[in-house]
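Scroll down for the structure; my scribbles are underneath it.
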Amino acid sequence: MPTKNSKPATTKPKKASPVKPKFLDTLRVPGMSPAFAGYDGGIPLWLLARGLTVSVDKNWPAKPGDKIEVLSIVGMKVLAEKTLEPGEEARSSFSFAISDSDLPNGDLILGYRVWYTGGPSNDLSYPLTLMVKRTLPAGEDQDHITPGHSALNFKISDTEIREIQAERGVTITFEPYPNMHPLDRIECQIGSYLAPSQQVTGVGQQTEIKLNRDQIIQIGNGTNRLVSFQVVDAVRNVSTPRSRNIPVLVEVGSANYAAPIFATQNYPGLIDLESLNGGPLHMQLFTYPWEGPVGYTYFVSYQGYPKLGGRVLHDQYIPIEAAGRPHDFFVPHDKVRAVAGGKVEISFILFQGLNIVGYSKIASATVQDAIIRLQAPIFLRYPSHVVNPIPTGGAAVEIPWYAWRRPTDNIMLLMRYVIPGSHDLILYDDLFTVGQVPEGVPIRRLIPYEHLLRFNGTTPELYYVYEPENILARSTSLNESLRQEVRIGAPGRGR
């Protein structure tokens, strides 16, 4: 996700720039990946989908007639330019849309020059050293019938893991794949456990992750613990889709009750959304009378892992009212559908009063894939999406709740308008962390009056980009919401 820092990140020494920087701050690229290996950041493929957005924060005594040139420093090629009109000198920043065709694949050093009105005097910015990478790790999936990416292959040393295997450790070996890069990292998930990401050994070589007993215990016991992985490159492109799932049996540690049973599962290991037909997922919990007598309580937990990243939770206390008989647990349909293309896990803890008696094994299943999109944000009180007149107190935007939202998610709210026939861009961006917002409640953010006024008479797109903790950016269709065209002010008054 983007940052608001105006100075280059401190990393290893950067590639030499042919221009000696002066006092102007670096420009910003909303959405670029964090600094790495001598670069200030990276530009993934999804960020180029509608042209690259760059912003110049005003850090000089601007006057009407000042000219801003966004430059590719190598060769001093002008990528976009703007001459300030009367009144624009008061703005705090200036944004531009750079065409994908004007950008290289690989190293890119961006900067800008300000030509001051009334003479030849000018200043350059510090350079921003970037890597542009348009190729996805593993490339395109060539088999759209078989689940999982056709080029992402791996093997597990043991598919039945008991005490003896846990003591010696379990090794997962990942095969080379197309578009491999030495800075790629393997992100492997086993059940609900995310193994520490591992940088690839080298291009064309196998990479191994070894799990010790403590890590295996974190995976949890079950007969269908699902193992899969994805590859994330240095600029946060990610292999799409993930690899196939390999099921493993895990029996290590203290789980001593049978896993919950899928009562509405037509195919073992798979939840068919069409079969649910909008209804809940029906699970059943069972213990023998001598294990779970009347008066004991199940605390049952559903955890869903969407392909979009994050985690969906649903849990419930269920008193045992008849010993030796199944007890029902229902997961709302929206919390199952949110996991389309991902997987779910259900388990329970058995309580006697406040005391834990024992743990169940974990029931796992994949969820049939479906297209799930983040819904567009909207302006409150403006159902027709026309904000006119512009309220002096600002206008509130509502970002709809999504089932996998977590307090640690980062969200950037954006309003974007490209002025026709130019690279000039009007942009509003608001980066924040979700925080403690109750489940099911949308997030509200206020766009201040002075920012709305910049869009007066235009029809910008209102949308947001989401990034969960621990899960790196994916593609536009996964971590970017639908875009809502809105009108700000009366038509024809702006540009």
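How much space per residue, in cubic angstrom, does the convex hull of the C-alpha atoms of segment 105-215 take up?
Given the Cα convex hull of segment 105-215, per-residue volume reads 183 Å³.
Using alpha-carbon pairs under 8 Å, 6+ residues apart, how would you state the relative contact order of the chain in percent?
After rounding, I find 12 percent.
Quick one: P(r) of segment 148-192 from all Cα-Cα pairs, 5 Å bins, percents rounded to integers, in order of increasing distance.
Per 5 Å bin, starting at 0, the Cα pair percentages come out as 5, 15, 25, 23, 15, 11, 6, 1.
Please name which of 314, 273, 374 has its Cα lying farthest along the dipole of segment 253-377 towards the positive end, using unit charges on Cβ (Lys, Arg +1; Asp, Glu -1) and the Cα centre as origin.
374
Spelling out what I want: for every residue of segment 26-35, take phi, set θ = phi - 60°, compute 6.51 cos²θ - 1.76 cosθ + 1.60 (Karplus), and round to whole Hz; glycine and proline get x.
Values, residue by residue: 5, 7, 10, 10, x, x, 5, 6, x, 4 Hz.
For the chain, what is the mean residue ellipticity at 222 nm derived from helices alone (per DSSP H run of n ≥ 4: -39500 (n - 2.57); sum divided by total residues; nearest 500 deg cm²/dmol)?
So the calculated ellipticity at 222 nm is -1500 deg cm²/dmol.
Which value in Å is the Kirkwood Rh of segment 378-488 over different Cα pairs?
For segment 378-488, inverting the mean 1/r across all distinct Cα pairs yields 14.9 Å.
Report ³J(HN,Hα) in whole Hz for each residue of segment 209-225, in order, from the Karplus equation J = 6.51 cos²θ - 1.76 cosθ + 1.60 where θ = phi - 60°; Gly and Pro get x.
Each residue's phi maps through the Karplus curve to give 10, 10, 9, 8, 4, 4, 5, 5, 4, 5, 5, x, 7, x, 8, 9, 6 Hz.
Under 5 Å between amide hydrogens, which residues at least 5 positions from residue 81 or on another chain qualify, with H placed 1.01 Å from N in the peptide plane?
Close amide H contacts, sequence-distant or interchain: 70, 423.
Expressed as a fraction of 2.2 N^0.38 Å, the rule-of-thumb size for a compact globular protein of N residues, what is the C-alpha radius of gyration of the chain?
Normalised by 2.2 N^0.38 Å, the Cα Rg of the chain equals 1.14.
Along the charge dipole of the chain, which of 243, 287, 118 sits closest to the positive end, that is, farthest toward it, with unit charges on the beta carbon of Lys, Arg, Asp and Glu (+1, +1, -1, -1)?
So the residue we want is 118.
Given 335/361; 307/361; 210/343; 133/335; 63/133, which pairs have Cα atoms separated by over 29 Å?
Correct reply: 133/335; 63/133.
Could you tell me what % of all Cα pairs in segment 321-369 have separations over 12 Å?
74
Compute the signed sum of charges (Lys and Arg +1, Asp and Glu -1) over the other residues within less than 13 Å, Cβ to Cβ, of residue 445. Present the calculation step by step, with values, prior to reporting the outcome.
Numbers: positive: 444; negative: 398, 429, 430.
For residues surrounding residue 445, the net value is -2.
Quick one: what are the phi-derived ³J(HN,Hα) couplings along segment 125-141, Karplus 6.51/-1.76/1.60 with θ = phi - 60°, whole Hz, x for glycine and proline?
Here the 3J(HN,Hα) series is 8, 4, x, 10, 8, 10, 10, 9, 9, 9, 9, 8, x, 6, x, 6, 6 Hz.
What's the extension gain from residue 436 to residue 116 if we count 0.36 nm per residue and subtract their Cα-Cα distance?
Values: separation 320, 0.36 × 320 = 115.20 nm, distance 4.67 nm.
Extending this stretch completely gives an extra 110.5 nm.
Along the positive direction of the dipole of the chain (beta-carbon charges: Lys, Arg +1; Asp, Glu -1; about the Cα centre), which of 464, 93, 489 reaches farthest?
93
Relative to the Cα centre, what is the charge dipole magnitude of the chain, using +1 at the beta carbon of each Lys and Arg, -1 at the beta carbon of each Asp and Glu, and rounding to the nearest 20 debye?
1120
Rule-based calculations on the coordinates, nothing more; no lab input. This is a predicted model, so every value here is computed, not measured. Every residue, glycine as well, gets a Cβ built from its backbone with ideal geometry; the counts of neighbours run over all protein chains shown.
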